[in-house]
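Notes for the one structure printed next.
The values are calculated or read from the model by the stated rules, or taken from the named source; none is laboratory data. Fair warning: this is a prediction, and the values are worked out from it, not measured in the lab. Reconstructed Cβ throughout: ideal geometry from the backbone, glycine too, with neighbour counts over all protein chains shown. The protein model used for the area step is the full one, side chains on, heavy atoms only, and it has no ligands, DNA or RNA in it. Shrake-Rupley method; radii C 1.70, N 1.55, O 1.52, S 1.80 Å.
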Amino acid sequence: MAKNDKQWSSATPGLLIILLDQSGSMRSDYEGTTRTKFATLAVNKVIDNIIQKNFDGDAPKNRCFISVIGYNHNVKELCSGWLKDLDANPLRYETLKKKTPDGTGGLVEVEVKQPVWVEPIDKDGATNMLGAFQLAKDLVEKWMADNAEGPAPVIINISDGVPYYEGKDPRDCMRETVALAKEIMELSNNDGNVLIFNAQIDESNGKVVFPSDRNNISQEQAQFLYDITSEVPDSYKAAAAKNELPIKDGSRGCIFGADGVQLIQLIDFGSSRAGDKGL
Amino acid sequence: MVIRAFITHKQAERFADCQDRFGVNTDTKSIAVSDGMGSTWQQKIWAQLLVETYTNSRDWNLSKESIIPLCQEWRAKVSEFIQNLKDTNAPENIIYRNERNFAEGRSAGATFVGIRLDGSKWSGEVLGDTCLIEWDGNEAKFNTSQDTDAFDSYPDYFDSNPLKDGKGTPKSIEGTLTDDKKLLLVSDPFSEFLLEHSKQGDIAKYVQQLLSVASHDDFEVLVDEWRKEGMHNDDTTLVIVESDNAEALTITYADNIAEMVEKEQMDKESVAEKVEAESTENTNATSAIEQVTDKQDESPYREKECNASDPVNADTIIEEFLTEYKSVLEGKCKGKSQKAIKKFWSELQYKTTQNAAKEALRTILDKYVIYAK
């Protein structure tokens, strides 16, 4: 089993690619808002959290490179950069009110600026997940050619369904996407294989969390998700436990029918190599 | 007692980034090492406070209660730090992130090991994976607050926020330093590496290597070699205490992190001056490109009116692309110094230039209908 235990560091930075479904169905209701708004909030939050983990007060340390790829009928890089550059160049800041401890046991409401790198979509579109994985594969191959001694890249895919593009039969789209995802998961460097973790946020077809046996999955779409997901390496088991994700031998890092909390847990788990010793 | 003390930073970072701190006070006969935790904030200030407070006193002992006044001191120092950022016109995002963390009550974490010597007897406290190793020539005894089978990424630590509990409980440690023993106060890369070799039964040769370190250069060479052998890449600190049958503490060598940071800054400034001189040459080269572009603006091709049936001349497209590409690339490098731009390019390799090229091409291609040959 691949080790995938190399910590993201300035000497051996990591690559995190987030694939973000921007198809029309992402405008559906979810967690009191829409799927696209919640998902982009979660992505912006995870970028911010990774910067925070690597920010000691002087400047963010460039311990990883983050690329967010959006896909509907088109595939587009929404933002990408080293942590220092991402921090210096968000699209905009959103001002939020937040209750924080006032140091004397009470709470005080303060205004907090939240950087925004990715925006929700407002248009209809298909689901070219294949194209997104293809772009991710190109980025990963180029990265690994230049960073053979570094951590193996990690891809986190957030979607609300199965691939559908070019008017093809969805089963053909799923088959093509599975084939490509398997190619990506075969790519490796000295640290281990490229990892793909998935969160599917359509809760209407039941829930499957970190499955270890495909035969125990009844939903076809969940089986698809299983097929495009990596087995969780031992080095990620502590992060899974910290995020209260049920893990056993052979578990794949995916959640089908993820609610808001589980989406954030999955993203946090998938990006857990990004940072030094934690709390 | 004879003391030697060494410190270095993570690979590919700088002394200014180093979050380990150590202190040796020959008056109070106190020695301490603290490791600021990477995923926390302003941990250097916290680690320094813990070390200074311990070594400046003859009887102050570290506990969750005794550090409460230090938490206020930490907060005051961080507030000064933020004010200094504003006074020196630091980048807006750095000021914002520090202010936000301060307002949200974000805090620092640090591990700790400290001892005081009374004749040949020593006593102290330890919390986390910073460790005191007693070496008797054959075996190593690891003094840590944690289960020595379970060094992981979540060590015990002191938290600089008095409303948070930190993790774990400080453990009191004590012993006697006889002629045949050495004490090694170490931060976690050494703790883990030596523990592993203790389990493998070959720790002796590694301890001998540590004991032979006499200078900072020796220390850097050793750390580099051990990292190649699997020691994890992190800030690394070593304080060696040996008996010379004298009660007084004698420091035969000690790195000074403040001086190392200052030297690093001076070296950086002199490199920046050199790069500034080089960038003047680049500016001249850039001006040359501008001149060529300007000249091409006057070319007959650009002055010729193209009607709908004529394909656009390739030279025209190339000229416009270069101008647009330069503009987009400058936008991506906006606000960065020439040195930062060079470093930015070398880190990013082809990605920024590729993205800039794509954006510039898109802008140009939006303006024309290009016919295939």
Along Cα→Cβ, 7 Å out, is where each label goes; now give me the distance between the ones at residue B:248 and residue B:358 in nm to one decimal.
6.9
Choice from A:87, A:138, A:202 showing the highest fluctuation, given a GNM over chain A with Cα pairs closer than 10 Å
A:138
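Loop only per DSSP, at most 11 neighbouring Cβ atoms within 10 Å: give me the GluC sites (Glu not before Pro) in region B:160-245, ordered by residue number.
Working: sites: B:174, B:192, B:196, B:220, B:225, B:229, B:242; in loops: B:229.
For GluC sites (Glu not before Pro) across region B:160-245 that sit outside H, G, I, E and B with at most 11 neighbouring Cβ atoms in 10 Å, the list reads B:229.
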With +1 on each Lys and Arg Cβ and -1 on each Asp and Glu Cβ, and nothing else charged, work out how big the dipole of chain A is about its Cα centre, in Debye to the nearest 20.
380
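Give, rounded to the nearest 20 debye, the magnitude of the charge dipole that region B:58-182 has about its Cα centre when Lys and Arg contribute +1 at Cβ and Asp and Glu contribute -1 at Cβ.
Details: 16 positive and 23 negative charges, 95 e Å.
Value, rounded to 20: 460 debye.
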Accessible area of region B:2-255 divided out per residue, in Å², using a probe of 1.4 angstrom:
39
To the nearest 500 deg cm²/dmol, what mean residue ellipticity at 222 nm is calculated for chain A from DSSP H runs of n ≥ 4 alone, each contributing -39,500 (n - 2.57), summed and divided by the residues?
-9500 deg cm²/dmol
Considering the protein assembly as shown, what Rg and Dmax in Å follow from its alpha-carbon atoms?
28.0, 99
Express the accessible area of chain A per residue in Å², computed with a 1.4 Å probe while the remaining protein chains stay in the model.
39
Go ahead and collect, in residue order, the members of region A:41-63 whose backbone nitrogen is under 13 Å from a label point 7 Å along the Cα-Cβ direction of residue A:99.
none
Restricting the count to DSSP beta bridges whose residues both fall in region B:2-255, what percent are antiparallel, rounded to a multiple of 5?
95
Considering only region A:168-279, percent of DSSP beta bridges that pair antiparallel, nearest 5
60
Considering only B:191, B:146, B:62, whose Cα is most displaced toward the positive end of the charge dipole of region B:2-255, charges sitting on Cβ of Lys, Arg (+1) and Asp, Glu (-1)?
B:62
Taking every residue of B:104-111, the Cβ atoms of other protein chains inside 10 Å of its Cβ average out to 3
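At a 1.4 Å probe radius, carbon and sulfur cover how many percent of the accessible area of region B:2-255?
Details: 4420 of 9970 Å².
In region B:2-255, the share of accessible area belonging to carbon and sulfur is 44 percent.
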Size of electric dipole in the protein assembly as shown: Cβ of Lys, Arg +1 and of Asp, Glu -1, about Cα centre, debye, nearest 20
1160
Take residue A:3 and residue B:88, extend 7 Å from each Cα along the Cα→Cβ direction, and tell me the distance between the two endpoints in nm.
3.9
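Could you give the length gained on full extension between residue A:242 and residue A:109, defined as 0.36 nm per residue of separation minus the Cα-Cα distance, in nm? Walk me through the numbers before you get to the answer.
On the way: separation 133, 0.36 × 133 = 47.88 nm, distance 2.87 nm.
Full extension of this stretch gives 45.0 nm more.
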The protein assembly as shown: antiparallel bridges as % of DSSP beta bridges, rounded to 5, reads 75
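Write out the GluC sites (Glu not before Pro) in region A:121-180 meeting two conditions: DSSP loop, and at most 15 other Cβ atoms within 10 Å of their Cβ.
Taking region A:121-180 and a limit of 15 other Cβ atoms within 10 Å, the loop GluC sites (Glu not before Pro) found are A:149, A:166.
Using a probe radius of 1.4 Å on protein heavy atoms only, what is the accessible area buried between chains A and B, both sides summed, to the nearest 100 Å²?
On the way: alone 12900 and 20410 Å², together 29490 Å².
Chains A and B together bury approximately 3800 Å².
Show me the trypsin sites (Lys or Arg not before Pro) within region A:118-210 that DSSP assigns to loop and that have at most 12 other Cβ atoms within 10 Å of their Cβ. Please list the in-between numbers first.
Values: sites: A:123, A:137, A:142, A:168, A:171, A:175, A:182, A:207; in loops: A:123, A:168, A:207.
The qualifying sites are A:123.
How many percent of the alpha carbon pairs in region B:2-255 exceed a separation of 24 Å? Walk me through the numbers on the way to the answer.
Numbers: 14680 of 32131 pairs.
Pairs farther apart than 24 Å: 46 percent.
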If the elastic network links every pair of Cα atoms under 10 Å, which of A:263, A:15, A:135 fluctuates the most in the Gaussian network model of chain A?
A:135
